[in-house]
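A short worksheet on the structure shown next.
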Amino acid sequence: MIRVFIIDDHPLIREGLKSLLREEQDITIVAEAADGNDLLATLHKKPCDVVVLDISLPGKNGLDLIGDIREHYRGVRIIMLTIHPEERYAAHAFKLGAAGYVTKESAPRELVAAIRKVAAGGMFVSPRFAEIMALDLRSGAPRQPHDLLSGREFEIFRLLASGRKVDEIAHDLCLAKGTVYTYRSRVLEKMKMNNDSELTRYAVEHGLIP
């Protein structure tokens with residue numbers, strides 16, 4: 001039996017997902033949450049195999065939560081379920097440790113297939129995204145500066161761009177302040193920027209933060 005934890009801040013979405021998944025004999029819903037705090041407070045009490053995680057959440061968003069889940073619950077597989085159709089979100093979700101990426105506009109059976117695939121140890125990306133990514137690689141389209149960042153660098157880039165201080169980031173990610181400063185320096189160097197304000201402007205222009 002595949003144990004699934006659903007995280008979405010919209011009750012109607014959660015109800016729809018539960019209704020869909022209850023029809024599957026090999027899938028059971030062990031818990032649901034409306035935000036990252038509820039998720040992290042409940043996960044240790046409600047073990048699961050797969051987390052279905054919305055990107056747009058109040059407080060910490062889904063991309064930020066990937067690192068928390070991976071750090072404390074390494075055996076849990078993560079599927080991002082999102083309204084964001086842009087492939088850049090999918091690419092970075094995978095960099096950060098997600099195992100699947102499905103849009104809310106996808107056919108319901110696609111999510112069921114994704115859950116089974118990632119629970120078995122595989123990776124799943126909607127065919128639409130797979131085609132877009134393949135075309136990007138084939139066309140040799142120039143990479144955006146943020147595409148050069150590693151998963152952890154991208155995570156810290158987004159936090160800095162959102163206005164978080166180094167002390168706060170170090171606390172949230174359980175890292176030494178010096179380590180966060182090192183990541184910050186790498187981010188600025190790779191993206192050829194001078195300060196956090198430039199990171200914020202870039203992130204807003206490219207739709208990487210709300």
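What follows is calculated from the coordinates using simple rules that are stated; it is not laboratory data. On a predicted model such as this, the values are computed, not experimentally measured, just so you know. Note that we place each Cβ from the backbone using ideal geometry, even for glycine, and neighbour counts take in every protein chain shown.
The set of residues in the stretch 30-52 being in contact with a Leu (Cβ under 8 Å, 6 or more places away or on another chain) and within 15 Å of Ala114 (Cα to Cα) consists of Val51, Val52.
Residues checked against (1) of a type outside the set (Gly, Ala, Ser); (2) touching a residue at least 24 places away in the same chain (Cβ under 8 Å); (3) more than 18 Å from Gly121 (Cα to Cα):
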{"residue": "Leu53", "(1), (2), (3)": "yes, yes, no"}
{"residue": "Gly59", "(1), (2), (3)": "no, yes, yes"}
{"residue": "Asp68", "(1), (2), (3)": "yes, yes, yes"}
{"residue": "His92", "(1), (2), (3)": "yes, yes, yes"}
{"residue": "Leu96", "(1), (2), (3)": "yes, yes, no"}
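Could you check the stretch 182-210 and list, in sequence order, the residues that are over 24 Å from Leu57 (Cβ atoms) and either among the hydrophobic types (A, V, I, L, M, F, W, C) or part of a loop (DSSP other than H, G, I, E, B) (or both)? Result: Leu188, Met191, Lys192, Met193, Asn194, Asn195. Out of the residues in the stretch 141-181 that are in contact with a Ser or Thr (Cβ under 8 Å, 6 or more places away or on another chain) and not in a helix (DSSP H, G or I), which is farthest from Glu205 (Cα to Cα)? Filtering the stretch 141-181 for residues that are in contact with a Ser or Thr (Cβ under 8 Å, 6 or more places away or on another chain) and not in a helix (DSSP H, G or I), the one farthest from Glu205 (Cα to Cα) comes out as Gly163. When the stretch 30-52 is filtered for residues that are over 25 Å from Leu173 (Cβ atoms) and surrounded by 20 or more Cβ atoms within 10 Å (Cβ to Cβ), only Glu32 remains.
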